[in-house]
Amino acid sequence: MDVSEVRQLFPALGRRVYGKPLVYFDNAATVQRPQQVMDEWLRMTSGCNANIHRAVHILAEEATSAYEQARDSVAKFINAPDRSSIIFTSGVTASINLVAFSFGEAFVSENDEVIVTEEEHHSNIVPWQMMCRRKKAVMKVLPVDENGRLKVELLEGMLTDRTRIVAVTHISNVLGIVNPVKDIVSVCHRHNVPVLVDGAQGVVHCKVDVRDLGCDFYAFSGHKIYAATGTGVLYGKKSLLDAMPPYMGGGEMVGTVKFSGTTYAPLPQKFEAGTQNIAGVATLTPALALAEKLNSDSALGEYSDSVRDFLLDYFMSDGRIRLYGIPEKEKTCLDCGAESGEKIPLFSFSVKGVHHEDLALLLDKMGVAVRSGQMCAEPLMDRYGVTGMLRASLAPYNTMEEAEYFVKCLDKAIKMLG
């Protein structure tokens, strides 16, 4: 497929805003939705709207089949060893909160330690802080260097016999640098410490194989990889999931319920209490099929590489701009060939003397959608001494023409505000 064919799959890309063609560069927040995903959501909502696992009529059977097919699709996409290790949630935030609570209840005691990194999204900081307060545990932070790379060489010295878990992002939503997750897992496992990986960006830009990575938990959101919003995945090793108590109680997650006591359903139902986002989860199947197709297209990958390289060269060469997250190698990983140290097509930056939100507002009026603010990573903003940044993040449907137009608009906005 060439990029024009890809764009035809996404109706929103044909919009005009303020009389100008939409240039959507906010893909790290959420990608646009392809027609086949919307078709599946409509089919589920209009044709087989029923609750799953609970009835024998045809609508319930069809809804259950689509929901469970999505579980198989996810397990295959990330090479999970067992479909029962795939838990559906509302997104990465819910997945991490589940682990922080349930793992904390099972394995964390007073004065135990949790390690996170300085570049984490709030969703991989706050749940661990809450757990530490509840369990009277201690949080430790692995720092990031000036170029946006984790100081992994410090990790081994931070691990102690009280360390219970390490939580790390696969790719920072601010810095866009692929972290050496496999190396981090190896170091931690030498000390018998499990690792949770926030894969919100990683699952989009890297070929994720949880067996190869060796991680104990991997979490991602459907809406960042073409599926519906309100859908998420938690992969966990069965031995840990079996040992963890449920996060929520209610219907679906029970074995037997007596006033004298309750037993719980086996995995994965143990962690899927109540009525799930059935229609939304079903969209994971066409979404992941599309992601697989796009990621395996070498010609499309080479084109996306060229767009990414054009923007990287621009940001690195313009003296007015400070880019956060400097790659070790000047190549992208849109073709799923990511290695640690590489940069995805995500560019967070600031312009001296110009407020990031003012730039975003001017770009919006020119038809360019970008993200401004703290990107839900306030500690990282503090690390670099800024109150916020501007972020441009691309997907396989973005074009060189859009990148060139963005550069012209950004230059114009800087000159207007400078």
Open item on the list: I'd like the orientation of helix 298-317 relative to the chain: the angle between its Cα long axis and the longest Cα principal axis, in ° from 0 to 90, rounded to 10.
Closed with: 60
Task: Heavy-atom accessible surface of region 122-195: percent carbon and sulfur, 1.4 Å - done: 51
Task: Charge-dipole axis of region 88-155 as Lys and Arg at +1 and Asp and Glu at -1 on Cβ define it, positive-most pick from Thr117, Ala94, Leu150 - done: Ala94
Open item on the list: Counting only chymotrypsin sites (Phe, Trp or Tyr not before Pro) that sit in a DSSP loop (anything but H, G, I, E, B) with at most 15 other Cβ atoms within 10 Å, what is the longest stretch of the chain containing none of them?
Closed with: 19-258
Task: Estimated inter-spin distance, Gln129 and Met1, nm [label 7 Å along Cα→Cβ] - done: 4.0
Task: Cα lying deepest toward the dipole's positive end in the chain, options Ala200, Gln374, Val407, charges on Cβ - done: Gln374
- [ ] Would you work out the charge dipole size for the chain about its Cα centre, treating the Cβ of every Lys and Arg as +1 and the Cβ of every Asp and Glu as -1, and quote it to the nearest 20 debye?
- [x] 880
Open item on the list: Suppose each label sits 7 Å from its Cα in the direction of the beta carbon; what would the Arg322-Phe107 distance come out to in nanometres?
Closed with: 3.8
Task: Simple Cβ-charge dipole of region 1-153, Lys/Arg +1 and Asp/Glu -1, about Cα centre, in debye nearest 20 - done: 480
Open item on the list: Averaging the inverse of every distinct alpha carbon separation and then flipping it gives the Kirkwood radius. What is it for the chain, in angstrom units?
Closed with: 22.3
Open item on the list: Test of the criteria: in region 6-54, which trypsin sites (Lys or Arg not before Pro) are in a DSSP loop and have at most 14 other Cβ atoms within 10 angstrom of their Cβ?
Closed with: Arg15, Arg54
Open item on the list: Compute the distance from the alpha-carbon center of region 200-227 to that of region 42-102, in whole Å.
Closed with: 16
TODO: Please identify every one of the GluC sites (Glu not before Pro) in region 129-199 that sits in a loop by DSSP and has no more than 15 other beta carbons within 10 Å of its own beta carbon.
DONE: Glu146
Open item on the list: With 18 Å as the cut-off, how large is the P(r) tail for region 1-159, expressed as percent of Cα-Cα pairs?
Closed with: 76
Open item on the list: Over region 200-294, with the other protein chains present, what is the accessible area per residue in square angstrom, probe 1.4 angstrom?
Closed with: 37
Task: Between 0 and 90°, nearest 10: helix 35-47 axis offset from the chain longest Cα axis - done: 40
TODO: Give, in nm to one decimal, the length gained when the segment between Phe310 and His122 is fully stretched (0.36 nm per residue of separation minus the Cα-Cα distance).
DONE: 64.6 nm
Open item on the list: Considering the Cα positions of region 74-204, please state its Rg to one decimal place and its Dmax as a whole number of Å.
Closed with: 14.3, 41
Task: Neighbourhood net charge (12 Å Cβ-Cβ; Lys/Arg +1, Asp/Glu -1) for Met244 - done: 0
Open item on the list: Could you check the spin-label model distance between Asn51 and Ala243? Points 7 Å from the Cα along Cα→Cβ, value in nm.
Closed with: 3.4
- [ ] For region 296-418, give the magnitude of the charge dipole about the Cα centre (Cβ charges: +1 Lys/Arg, -1 Asp/Glu; no others), in debye to the nearest 20.
- [x] 580
TODO: Mind checking which of Leu234, Ala279, Gly222 is farthest towards the positive end of the chain's charge dipole, using Cβ charges of +1 (Lys, Arg) and -1 (Asp, Glu) about the Cα centre?
DONE: Ala279
TODO: Provide the gained length on full extension for the span Asp382 to Gln8, in nm with one decimal, where the gain is 0.36 nm per separating residue minus the Cα-Cα distance.
DONE: 130.6 nm
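The values are calculated or read from the model by the stated rules, or taken from the named source; none is laboratory data. Note that the structure is predicted; figures quoted are calculated from it, not measured. All Cβ positions, even for glycine, are placed from backbone atoms using ideal geometry, and neighbour counts span all protein chains on display. Heavy atoms of the whole protein, side chains included, go into the accessibility calculation; ligands, DNA and RNA do not. Shrake-Rupley method; radii C 1.70, N 1.55, O 1.52, S 1.80 Å.
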